[in-house]
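Following: one structure in structure tokens, then a few remarks.
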Amino acid sequence: MSRPPTFTPPPCALRRDLPTARGTFAVLDARPSGQPHKGTALLLPGYTGSKEDFIALLEPLTMAGYRAVAVDGRGQYETDGPEDQQAYAQAELARDVLAQAEAVQDGPVHLLGHSLGGQIARAAVLIAPAPFRTLTLVSSGPAQISPAQQQKVKMLSDALAVLSMDEVWQAMKALDPPEDADTDPTNGEDLRRRWLRHNPSQLIATGRALTVEPDRVDALAAVQMPKHVVSGERDDTWPVPLLDEMARRLDARRTVIAGAEHSPNTGRPAETAAALVSFWDQY
């Protein structure tokens, strides 16, 4: 579970609802002050995450001249979603992203997905690349997650099928507090509140997708679009050498954030923002 340093957005960001042709999505919309922006970054969070996972990026991105729109996908945190697991099929979530891009477009749209969000972003680009100037995959690999992570996702999905969200939260805290449930009093309650507002059907469906995702790198490589693969130095969801090889196959820019793990956007936000801006400024 990603752990943003805070759930309070910076002054440059507004929490608002984004109406689209496929429904309304909760977003953090951060805009440069007193200057026209160079483009818009559409930021998609990962499994169990939310728009707040990008909170520490928002100020440095706006200071560099970019508007940044971080999104709760359907069934994530403050965006409602149905109980039907079919509603969270990857193709459905990808079409949501295309609708979000249309709703925010007032200049170049740079699409970024973290982890699960990266695979959804990839699916959106494969459906219709035209809305996007660039694609950045942050800690998001070529196919299914590692065997150890597959086992963890299966255990979580099995628990979600029979327990309440609060019961699952308490079990995660007891079993693996350092990774799966933060006990820091500064944002522990915010993390719990976020977890409780996730739709369990979304978690079960997207978790299943993470364990069976095929390798679609060759298809993505055929799309003529600048691409960027970003990760930390260590990653137990997709091994870093696998991400290196994916970047090579995509002919993508490759950035490794020193000192970061699976979530460089929360662990090393200043360095991550600088890498993103350096890439986007080229296009």
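Close contacts from the range 54-70, counting a first residue that is at pLDDT 95 or above and a second that is of a type in the set (K, R) and buried (at least 23 other Cβ atoms within 10 Å of the Cβ), with Cβ to Cβ under 7 Å and a gap of 6+ residues or different chains, come to A70/K51.
Being open to solvent by 20 Å² or more (accessible area, probe 1.4 Å) and touching a Gly at 6+ places or on another chain (Cβ under 9 Å) is the requirement here; does E233 meet it? Spell out the reasoning first.
Numbers: open to solvent by 20 Å² or more (accessible area, probe 1.4 Å): yes; touching a Gly at 6+ places or on another chain (Cβ under 9 Å): yes.
In short, yes.
Only one of the numbered conditions (1) within 18 Å of the chain's Cα centre (by Cα); (2) buried (at least 17 other Cβ atoms within 10 Å of the Cβ) is violated by T6, and that is (2). Only a single criterion out of (1) in a loop (DSSP other than H, G, I, E, B); (2) buried (at least 24 other Cβ atoms within 10 Å of the Cβ) is not satisfied by D53, namely (1).
Within the range 122-145, one or more residues are open to solvent by 50 Å² or more (accessible area, probe 1.4 Å), under 20 Å from F54 (Cβ atoms) and either part of a strand (DSSP E or B) or basic (K, R) (or both).
Residues in the range 238-275 that are part of a strand (DSSP E or B) and open to solvent by less than 60 Å² (accessible area, probe 1.4 Å): T255, I257. The single condition among (1) open to solvent by 50 Å² or more (accessible area, probe 1.4 Å); (2) out of contact with any Pro (no Cβ under 6 Å at 6 or more places or on another chain); (3) not basic (K, R) that D215 does not meet is (2). Residues being among the hydrophobic types (A, V, I, L, M, F, W, C), crowded, with 20+ Cβ neighbours inside 10 Å, in a helix (DSSP H, G or I) and at negative phi are represented in the range 59-76 by at least one member.
The test for being farther than 17 Å from A121 by Cα and free of Cβ contacts under 8 Å to residues at least 60 places away in the same chain holds for R192.
The residues of the range 109-125 that are within 18 Å of L18 (Cβ to Cβ) and more than 14 Å from the chain's Cα centre (by Cα) amount to a single one, V109.
Within the range 53-101, the residues that satisfy the criterion of being of a type in the set (D, E, K, R) and over 24 Å from P36 (Cβ atoms) are D53, D72, R74, E78, D80, E83, D84, E92, R95, D96.
Whether any residue in the range 27-43 is farther than 28 Å from D281 by Cβ and either assigned to a strand (DSSP E or B) or open to solvent by 10 Å² or more (accessible area, probe 1.4 Å) (or both) is what I want to check. Scanning the range 27-43, I find no residue that is farther than 28 Å from D281 by Cβ and either assigned to a strand (DSSP E or B) or open to solvent by 10 Å² or more (accessible area, probe 1.4 Å) (or both), so the answer is no.
The values are calculated or read from the model by the stated rules, or taken from the named source; none is laboratory data. Quick caveat: nothing in here was measured; it's all calculated off a predicted structure. Positions of Cβ are backbone-derived with ideal geometry, glycine not excepted, and every protein chain shown enters the neighbour counts. Surface accessibility is based on the protein's heavy atoms, side chains included, excluding ligands, DNA and RNA. Shrake-Rupley method; radii C 1.70, N 1.55, O 1.52, S 1.80 Å.
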